[in-house]
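The values are calculated or read from the model by the stated rules, or taken from the named source; none is laboratory data. What you are looking at is a predicted structure, and each value in this text was computed from that prediction instead of being measured. Positions of Cβ are generated from backbone atoms using ideal geometry, with glycine treated the same way; all protein chains shown enter the neighbour counts. In case anyone asks, the SASA skips ligands and DNA or RNA and just uses the protein heavy atoms, side chains included. Shrake-Rupley method; radii C 1.70, N 1.55, O 1.52, S 1.80 Å.
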Amino acid sequence: FGVAAQLYSLRRPGDQGIGDFTTLGAFGALAATAGAATIGLNPLHMLFPQDRSRASPYHPSDRRFLDPVYLDLARLDEVSLVGFDAHAAEVAALSRGNLVDYPAVWAVKRRHLQRCFAGFDNLCRRQPENDLVRAFEGFISTGGRALRDFAIFQSLSEASRGGNWRQWPAEFGQRDEAALAGFAASHEAELRYHAFLQWLCDRQFGAAATQAREAGLSLGFYRDLAVGAAPDGAEAWANAGSLMAGASIGAPPDPFAEAGQVWGLPPPNPQAWRREGYAGFARLIAANMRHAGLLRIDHVMGFARLFVVPEGASAREGTYLSFPLVDLLGELALESRRAGCAVIGEDLGTVPEGFREALEDRGVLSYRVLWFERDGAGFRSAAD
């Protein structure tokens with residue numbers, strides 16, 4: 001069996017007002033001792049540091065990167081000599097709270113993380129051969145263009161105080177290469193800071209996964225990939241050329257939502273994906289399989305078709321757009337084998353004919369709601 005848990009809600013005495021990676025490792029180990037095989041998590045995608053009121057895991061800024069709000073400040077000793085005693089009173093108050101105060105939590109964490117980075121960046125300059133420094137530089141190198149673009153976006157967003165990138169100066173909003181290179185050159189420290197946060201996230205999340213696995217959590221963590229990213233976020237900015245502008249993903253009218261649904265998420269352009277050999281899609285899948293044994297794909301029907309609604313229209317005015325199912329399942333299989341990560345597709349809603357059979361043929365598991373799995377007056381057995 002597995003336990004579904006929203007990481008932000010996993011609280012412990014002495015935390016910093018929100019569930020974190022340290023708690024996750026302990027919870028995974030505890031569940032394993034009770035016989036659990038997996039821990040199912042909410043999407044851990046990057047949200048909006050400039051506006052922490054935007055807390056929905058399903059409307060993120062960037063699905064390729066982790067949100068540092070889940071970092072445990074008390075577990076940064078290896079990369080920083082800076083204690084967080086200066087924040088003790090604030091941290092204690094946040095830890096006692098029953099609700100997650102996202103702006104207050106991030107205000108404390110952000111100040112401490114900036115101090116940690118200042119010390120670590122100094123170490124990088126003084127001891128470039130230090131093992132931790134080499135690990136950090138290796139992380140930046142492996143992250144490549146995607147990580148650098150993400151760091152540029154975070155820095156530009158801070159400079160504009162979180163404004164929509166479509167209102168940025170044209171050279172930045174439209175990603176003029178020369179302008180971005182100039183900005184990066186003059187803001188190198190800020191770019192390294194945002195890469196540093198991602199490195200810390202990867203280390204702490206990886207440590208939690210190892211702790212849980214070693215305690216016997218046989219399937220490890222069960223991650224969740226949201227169906228899309230917000231139109232004003234880092235992912236949409238970086239991939240604007242492969243998204244359909246002026247439209248949103250949604251769902252047609254059905255018994256659950258008689259008016260249909262519009263989710264405010266720009267759909268990918270399948271022709272652009274095909275032109276680039278699905279490289280961006282593969283990177284997205286790989287990023288979300290990291291440190292996981294299972295991956296849930298939100299609204300997996302999007303592999304075959306997406307319901308697309310023009311901007312300003314109602315869901316009743318939307319239409320289906322076909323996607324290259326065979327190609328996408330092939331890429332998914334490649335990344336699954338590389339990561340040793342199984343896949344569960346959330347196939348709820350209006351499912352195309354033959355779609356579930358296509359998933360089953362390739363070993364993609366199905367996602368069902370128990371309440372609807374009836375056999376006469378009773379429920380179907382798990383085996384069925």
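Filtering the range 288-298 to residues that are touching a strand residue (DSSP E or B) at 6+ places or on another chain (Cβ under 7 Å) and within 15 Å of GLY340 (Cβ to Cβ) leaves ASN288, MET289, HIS291, ALA292, GLY293, LEU294, LEU295. All of (1) at pLDDT below 95; (2) surrounded by fewer than 16 Cβ atoms within 10 Å (Cβ to Cβ) hold for ALA185 with one exception: (1). Residues that are among the acidic types (Asp, Glu) and surrounded by 13 or more Cβ atoms within 10 Å (Cβ to Cβ) within the range 111-131 comprise just one, ASP121.
Apart from one condition, GLY312 fits all of (1) open to solvent by 20 Å² or more (accessible area, probe 1.4 Å); (2) in a strand (DSSP E or B); (3) closer than 20 Å to HIS59 by Cβ; (4) not basic (Lys, Arg); the exception is (2). Checked against (1) open to solvent by 60 Å² or more (accessible area, probe 1.4 Å); (2) in a loop (DSSP other than H, G, I, E, B); (3) among the basic types (Lys, Arg), ARG203 passes all but a single condition, namely (2).
Of all positions in the range 214-236, at least one carries a residue that is among the polar types (S, T, N, Q), in contact (Cβ under 8 Å) with a residue 24 or more places away in the chain and either out of contact with any strand residue (DSSP E or B) (no Cβ under 7 Å at 6 or more places or on another chain) or open to solvent by 40 Å² or more (accessible area, probe 1.4 Å) (or both). For the range 132-152, the condition holds for at least one residue, the condition being that it is surrounded by fewer than 18 Cβ atoms within 10 Å (Cβ to Cβ), aromatic (Phe, Trp, Tyr) and out of contact with any strand residue (DSSP E or B) (no Cβ under 9 Å at 6 or more places or on another chain).
Scanning the range 81-110 for residues that are open to solvent by 70 Å² or more (accessible area, probe 1.4 Å), over 23 Å from the mean Cα position of the chain (by Cα) and closer than 15 Å to LEU71 by Cβ gives no hits.
The condition (being out of contact with any Ser or Thr (no Cβ under 6 Å at 6 or more places or on another chain) and either open to solvent by 20 Å² or more (accessible area, probe 1.4 Å) or charged (D, E, K, R) (or both)) is satisfied by just one residue among ARG75, ARG52: ARG52.
Within the range 325-340, does at least one residue satisfy the condition of being outside any helix (DSSP H, G or I), open to solvent by 60 Å² or more (accessible area, probe 1.4 Å) and either of a type in the set (Lys, Arg) or modelled with pLDDT of 95 or more (or both)? The answer is no, given that none of the residues of the range 325-340 is outside any helix (DSSP H, G or I), open to solvent by 60 Å² or more (accessible area, probe 1.4 Å) and either of a type in the set (Lys, Arg) or modelled with pLDDT of 95 or more (or both). Restricted to the range 61-167, the set of helices (runs of 4 or more DSSP H) holding at least 2 residues that are closer than 22 Å to GLY19 by Cβ, of a type in the set (Lys, Arg) and out of contact with any Pro (no Cβ under 6 Å at 6 or more places or on another chain) comprises 102-126.
Only residues that are farther than 12 Å from MET301 by Cβ and not polar (S, T, N, Q) were counted across the range 333-353, and they come to 11. Taken over the range 364-384, residues that are surrounded by fewer than 10 Cβ atoms within 10 Å (Cβ to Cβ), polar (S, T, N, Q) and under 19 Å from HIS299 (Cβ atoms) amount to 0. In the range 315-324, the count of residues that are under 28 Å from ALA257 (Cβ atoms) and within 23 Å of the chain's Cα centre (by Cα) is one or more. Taking first residues from the range 106-117 that are within 17 Å of ASP51 (Cβ to Cβ) and touching a residue at least 12 places away in the same chain (Cβ under 8 Å) and partners that are open to solvent by 40 Å² or more (accessible area, probe 1.4 Å) and of a type in the set (A, V, I, L, M), no Cβ contact under 6 Å between residues at least 6 apart in sequence or on separate chains turns up. Could you grab me the full set of residues in the range 153-162 that are open to solvent by 30 Å² or more (accessible area, probe 1.4 Å) and on the phi < 0 side of the Ramachandran plot? Once the filter is applied, which keeps residues that are open to solvent by 30 Å² or more (accessible area, probe 1.4 Å) and on the phi < 0 side of the Ramachandran plot, the range 153-162 yields GLU158, ALA159, SER160. Just one of the listed residues (SER95, SER56, SER61, SER80) is within 30 Å of PRO231 (Cα to Cα), touching a residue at least 12 places away in the same chain (Cβ under 8 Å) and among the small types (Gly, Ala, Ser), and it is SER61.
Residues being touching a residue at least 24 places away in the same chain (Cβ under 8 Å), among the hydrophobic types (A, V, I, L, M, F, W, C), out of contact with any Lys or Arg (no Cβ under 8 Å at 6 or more places or on another chain) and assigned to a helix (DSSP H, G or I) are represented in the range 181-188 by at least one member.
Taking every residue in the range 293-304 that is aromatic (Phe, Trp, Tyr) and pairing it with any residue that is not in a strand (DSSP E or B), at least 6 positions away or on another chain, the pairs with Cβ-Cβ distances below 7 Å are PHE303/PHE323; PHE303/LEU325; PHE303/LEU328; PHE303/LEU329.
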